[in-house]
Every structure is written in structure tokens, then in C-alpha cells.
């Protein structure tokens, strides 16, 4: 089942709290994060004598029953410091189920959200990630703030077989000179983000010259020439929104970061292998360009 969840925060470090909430929703068992909106600064609604909010929306799929999902969202709110004092009052985090692919009506939950169509702060980010959603805006003052995960210009780069296989037994499936040349042209002078297994496939198992190297690893490590970041929650604290940030593997890192990606560059080889790890689904993306060569093609996808 598909759900659209609204997020809001007007206490504490709002950007970090929203990013942290998104990551925790992503980690709910049986939940798959599909897409995230920009962050928008908005005027308070209902109770106006309080700080401005940051609002966003996210799209997920899950097999959880609606009330079980609601329980999980309220658990995350509590973990992030939400204290319910007054209706529409200030809060560290608010997670609301705005919309789903079916209507829900019970004592604890109504979907679509009862006030959804009255609130631009919910409609604007929702419309961003659900362009075909039919709604009317009311002219509320809303300012986009560049601090959402989608503002860090994450671009995924990989070489796969025709079934989107990535590797076998910790090794790359292909080393095609044209692909390696294309990879260098894309990433040189920019930031690359990778995991430990991908580092092991680099020449001399060392960070790549001419790029800012960020190793995403839960295991504390010291790697000369690379910055080590423990998890995605902290990754966005060290990235630069003015920079191009390329995610280069492996499969787990791709799965973690594809919901936030703006572009995907795939070299697709016309071969079928015995891969044991795969690139995630690109169903949320649009194929924009294809360049065909002898035995492979370069593909570019965008949102």
C-alpha cells in the first residue's frame, strides 16, 4: 500500500530533525521509502504565536496495516522529543498520514487527512512528489529551504548487467574502458560516496584522487584520504548543497540513498550474469537519455 506522510517541525534544529525523522521512518520494518520532497518554511497554522515551521512530505510503500503504521509514526515522534501539550502547538516533529491509495476512516485515523485540502504547507510538498495529485493552493506564504536530502544533488553511478546485477562475490561484474572513462569524467572534481566493499574494488583499495571521498560505514575506520561517516543521518551534515555528490556503491548504499537521488547514471551491459547483488528499482525515475555502444549503453534517469 502507498502512503504519503507529512512532516513538520518548529522547535530545535528543524532541518536535522526532519532528516532524522525521514531516516527513522525508512527503518520501520516492512516500510520502503520511495521519495522525499523539498523542505518548505511556512507560517504557523491554527496557533499563530509560535515559531515558523519546516514542512515536507514523503512517499512510502508498506504492508503494515494503517493503525500499525500510525503507531510506528507516533513512536518516532516520541523518540524525537514530541510532547503533546496543545492542538496545533509548537513541536519538535509532527508525522501525519496525509493520503493513501485507499480511503481510511476509523476512530483514530482518517485518510485523506481531514484538513489536508485546507493547508498549503501540506499540499505544496505533497504535490512536489505526487505531481498528478489534484488540489488547489490557497496562497499561504511558503519558502523553499535548501536542506532536504533531495537538495544535496545525489547522483547514483553504476555499471550493471541487463538484469541490473551489480556484482558477484564482492567483485565488480565488468571493467569496461569506456565506462571507466565515463565514470572519471562524471566524478572528477566532485564528491563520491561509497561503502567498504566498493572501496575494496578501487585501484590499490584506496580512495580515488581528484575527488572528495566519503566512506559510509557503521564500522569505525580510519582511511587515509577519505572521510568516514557512520550513517545516513549524519551524512547530510557533512555534504555541501552547492556540490555534486555522486553515490558509487555498493548495493546497500544505493538502496539507502536512492530515495534522495536526483539523477542516475547507469552503464547497462548487454549480458546476463550470475550476480548476487543488484541495483535497486528505478521505477520512481524517468529514462531521459540513452547512448548505445557495441555491447552496452549509457542511460541517464531523472525524477
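State the number of residues belonging to the range 204-225 that are loosely packed, with under 15 Cβ neighbours inside 10 Å and touching a helix residue (DSSP H, G or I) at 6+ places or on another chain (Cβ under 9 Å). The qualifying residues number 5. Out of curiosity, is residue 95 touching a residue at least 60 places away in the same chain (Cβ under 8 Å), farther than 30 Å from residue 248 by Cβ and either within 23 Å of the chain's Cα centre (by Cα) or not assigned by TED's automatic domain parsing to the domain that holds residue 43 (or both)? Spelling it out, residue 95 is indeed touching a residue at least 60 places away in the same chain (Cβ under 8 Å), farther than 30 Å from residue 248 by Cβ and either within 23 Å of the chain's Cα centre (by Cα) or not assigned by TED's automatic domain parsing to the domain that holds residue 43 (or both).
Which fully enclosed strands (runs of 3 or more DSSP E) of the range 226-303 have 1 or more residues being without any contact (Cβ under 8 Å) to a residue 40 or more places away in the chain and either surrounded by 16 or more Cβ atoms within 10 Å (Cβ to Cβ) or on the phi < 0 side of the Ramachandran plot (or both)? Those strands (runs of 3 or more DSSP E) span 226-229, 286-293, 296-302.
Would you confirm whether any residue within the range 84-101 is out of contact with any helix residue (DSSP H, G or I) (no Cβ under 8 Å at 6 or more places or on another chain), under 24 Å from residue 30 (Cα atoms), modelled with pLDDT under 95 and surrounded by fewer than 13 Cβ atoms within 10 Å (Cβ to Cβ)? Looking through the range 84-101, at least one residue is out of contact with any helix residue (DSSP H, G or I) (no Cβ under 8 Å at 6 or more places or on another chain), under 24 Å from residue 30 (Cα atoms), modelled with pLDDT under 95 and surrounded by fewer than 13 Cβ atoms within 10 Å (Cβ to Cβ). Restricting attention to the range 173-184, the residues being in contact with a strand residue (DSSP E or B) (Cβ under 7 Å, 6 or more places away or on another chain) and under 14 Å from residue 248 (Cα atoms) number 3.
So which residues in the range 161-178 are surrounded by fewer than 19 Cβ atoms within 10 Å (Cβ to Cβ) and either within 22 Å of residue 281 (Cα to Cα) or touching a residue at least 40 places away in the same chain (Cβ under 8 Å) (or both), if there are any at all? Scanning the range 161-178 gives 162, 163, 164, 168, 169, 170, 171, 172, 173, 174, 176, 178.
Within the range 185-196, the presence of at least one residue that is over 30 Å from residue 292 (Cβ atoms) and either assigned by TED's automatic domain parsing to the domain that holds residue 256 or surrounded by fewer than 16 Cβ atoms within 10 Å (Cβ to Cβ) (or both) is confirmed.
The values are calculated or read from the model by the stated rules, or taken from the named source; none is laboratory data. For clarity, every value in this text was computed on a predicted model and none was experimentally measured. Here the Cβ is made from the backbone with ideal geometry for all residues, glycine too, and neighbour counts use every protein chain on show.
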